[in-house]
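Working notes for the structure below.
Read the figures in this text as sums done on the coordinates, not as results from a lab. In this text, all values refer to a predicted model and were calculated from it rather than measured experimentally. Because the Cβ atoms are built from the backbone with ideal geometry, glycine has one as well, and the counts that use them run over all protein chains shown.
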Amino acid sequence: MDDLYREIIIERYKNPLFRGELEPCDIRFEDENPLCGDHIRIDVRLDETGHVKEAAFSGHGCAISQASADLLLESIIGKSIEEIKSLSKEDVIDLLGIDLGPVRLKCALLSLKVLKAGVYGLGVAHDELVEGH
């Protein structure tokens, strides 16, 4: 089963569905993982009810960080801000479908950290944003 998920990760890295930028957007945040140099910016556009209408990411990094961002953004389309705030690291791990060591886990969770910092309107992203609800 891990092989299937690895194929999905490679495919999403090579051909992401949500790569790009949104102008204008309602939420924008970017951050990087200083340990490995991954960098992600996420743009979110909301509909009139406050649900995610569109989302896009830009940046660079390893296959895990980029695929994770793409899969995460796909999963939030149609969700409310409150639903996004309740996302956890387990949700991202489930999207990826593979076991990750501590270093790769940081790569995988960068997009969730960036998304939540943007949703909460923070000036700085903190690792605590991905530790739970």
Next on the checklist: What percentages make up the Cα-Cα pair-distance distribution of region 92-133 when the bins are 5 Å wide from 0?
Outcome noted: 5, 23, 31, 22, 12, 6, 1
Item to check | Kirkwood Rh and Cα Rg combined as Rg/Rh, region 62-119 | outcome: 0.94
Checklist outcome for this item: Simple spin-label estimate for Lys53/Asp99, 7 Å along Cα→Cβ, in nm, reads 4.4
Item to check | Estimated [θ] at 222 nm from DSSP helical runs (n ≥ 4, -39500 (n - 2.57)) normalised by residues in the chain, nearest 500 | outcome: -13500 deg cm²/dmol
Next on the checklist: For the chain, report the % of Cα-Cα distances exceeding 25 Å.
Outcome noted: 16
Item to check | ³J(HN,Hα) computed for each position of region 24-36 - Karplus, 6.51 cos²θ - 1.76 cosθ + 1.60, integer Hz, glycine/proline x | outcome: x, 9, 8, 9, 9, 8, 9, 7, 9, 9, x, 5, 10
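Work out the count of Lys pairs in the chain where the Cα-Cα distance is under 14 Å, with the pair 8 or more places apart or on different chains.
Here the count comes out as 7.
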Next on the checklist: Using Cα springs under 10 Å in a Gaussian network model of the chain, which residue among Asp38, Asp99, Asp70 shows the largest mean-square fluctuation?
Outcome noted: Asp99
Checklist entry - Comparing Ile76, Ile42, Ile64, which has the greatest mean-square fluctuation in the GNM of the chain with Cα pairs linked when under 10 Å apart? => result Ile76
Checklist entry - Using the membrane-span-like helix rule (whole DSSP H runs, Cα extent along the own axis of at least 24 Å, mean Kyte-Doolittle hydropathy at least 0.0), which helices of the chain qualify? => result 102-120
Checklist outcome for this item: Of all GluC sites (Glu not before Pro) in region 13-71, the ones in DSSP coil with at most 10 other Cβ atoms within 10 Å are Glu48
